[in-house]
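What follows is one structure encoded as structure tokens, with my remarks underneath.
The values are calculated or read from the model by the stated rules, or taken from the named source; none is laboratory data. Not measured: the values here are computed from a predicted model. Note that we place each Cβ from the backbone using ideal geometry, even for glycine, and neighbour counts take in every protein chain shown. For the accessible areas, the whole protein counts, side chains as well, though only heavy atoms, and no ligand, DNA or RNA atoms are used. Shrake-Rupley method; radii C 1.70, N 1.55, O 1.52, S 1.80 Å.
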Amino acid sequence: MKTLERLLLENKAWAAEKLDADPEYFSRQSKDQSPEFFWIGCSDSRVPANEVTNTEPGEIFVHRNVANLVVNTDLNLLSVLQYAVDVLKVKHIIVCGHYGCGGVKAAMTQQSFGLINKWLRNIKDVYRFHRVEIDGINDSEKRVDRLVELNVMEQIHNLAKTSIVQKAWANRQGPVLHGWVYGLEDGILQEIITLDHTYNVDPIYRFTSDELKD
Ligand code: CO
């Protein structure tokens, strides 16, 4: 059987199974969504948000890109973020990286990969901030894994720099920001960093309370 046909057949089987277990499943799902979590993860096919957290459709709002970056000119990310924070009013935002990330690995080389070079540049900047620490690690895989962790921390701080998060922190003391790293080898999520509304954003990135009003 062709691979693509398998996907459609599996879909029919999945839908039938869901209905079997709960006849109201899809009529309930089709009404609305009110996820408590917003997940910003890597596009890597091995780190699907719902599967690694054993959650159901409807529980996690998801945005994924190469190496789970929060880039302040990325209209796509910012639109999803704004919707998640202002409309869905999620309680938690998770930036989830993963050890052995291909995007991070690529950014640590001098190889040119085409258009994606421009995206990977953001990771090279994180490397530059932490060059001494990373270059001090002997093992090349461990160097990548440390940059994976530092990259997640940087993206959490990038979230805290947005007016979207600062406004929500001022108005409703949420959401809480969580930086996690997933282990491809053991399937375990490690907590790396947590920031909430009490976090003191560096003054140069902090908007005054007047600016944060609608
Ligand atoms: Co990755």
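Here the chain is treated as a Stokes sphere of Kirkwood radius computed over C-alpha pairs; at 20 °C and 1.002 mPa s its diffusion coefficient rounds to 113 µm²/s.
Tell me which trypsin sites (Lys or Arg not before Pro) from the stretch 51-151 have a DSSP coil assignment and no more than 15 other beta carbons within 10 Å of their own. Sparse-neighbourhood loop trypsin sites (Lys or Arg not before Pro): 89, 91. Which distance in Å, rounded to a whole number, links the C-alpha centroids of the stretch 67-109 and the stretch 36-60? Distance between centres, Cα-based: 12 Å. Normalised per residue, the accessible area of the chain is 60 Å², obtained with a 1.4 Å probe and no contribution from ligands, DNA or RNA.
Only helices enter this figure: runs of n ≥ 4 DSSP H residues, each worth -39500 (n - 2.57), summed and divided by the residues of the chain, yield -13000 deg cm²/dmol at 222 nm to the nearest 500. Placing unit charges on the Cβ atoms only, positive for Lys and Arg and negative for Asp and Glu, gives the chain a dipole magnitude near 660 debye about its Cα centre. For the stretch 143-153, the Karplus equation 6.51 cos²θ - 1.76 cosθ + 1.60, evaluated at θ = phi - 60°, returns couplings of 5, 4, 5, 5, 5, 4, 5, 5, 5, 4, 4 Hz by residue, with Gly and Pro reported as x. If you keep only loop residues by DSSP, which GluC sites (Glu not before Pro) in the stretch 108-214 have at most 12 other Cβ atoms within 10 Å of their Cβ? Answer in residue order: 185, 211. A straight Cα-to-Cα reach below 15 Å connects residue 2 with the aspartates and glutamates 10, residues fewer than 8 places away in its own chain not being considered. Fully extending the segment from residue 170 to residue 133 would add 9.8 nm, taking 0.36 nm per residue of separation and subtracting the current Cα-Cα distance. Which entries of 31/118; 89/161; 105/161; 118/161 have Cα-Cα distances beyond 30 Å here? Over 30 Å Cα-Cα: 31/118.
Using a probe radius of 1.4 angstrom, the carbon and sulfur fraction of the accessible surface of the chain is 51%.
The per residue volume of the convex hull around the alpha-carbon atoms of the stretch 34-127 is 103 Å³.
Summing +1 for each Lys or Arg and -1 for each Asp or Glu among the other residues whose beta-carbon sits under 13 angstrom from that of residue 125 gives +4.
With each label modelled as a point 7 angstrom along the Cα→C-beta vector, the residue 112-residue 199 pair spans 3.6 nm. As I understand it, the dipole of the stretch 33-212 uses +1 on the Cβ of Lys and Arg and -1 on the Cβ of Asp and Glu, about the Cα centre. Which of 169, 43, 119 lies farthest toward its positive end? My answer, from the dipole projection, is 119.
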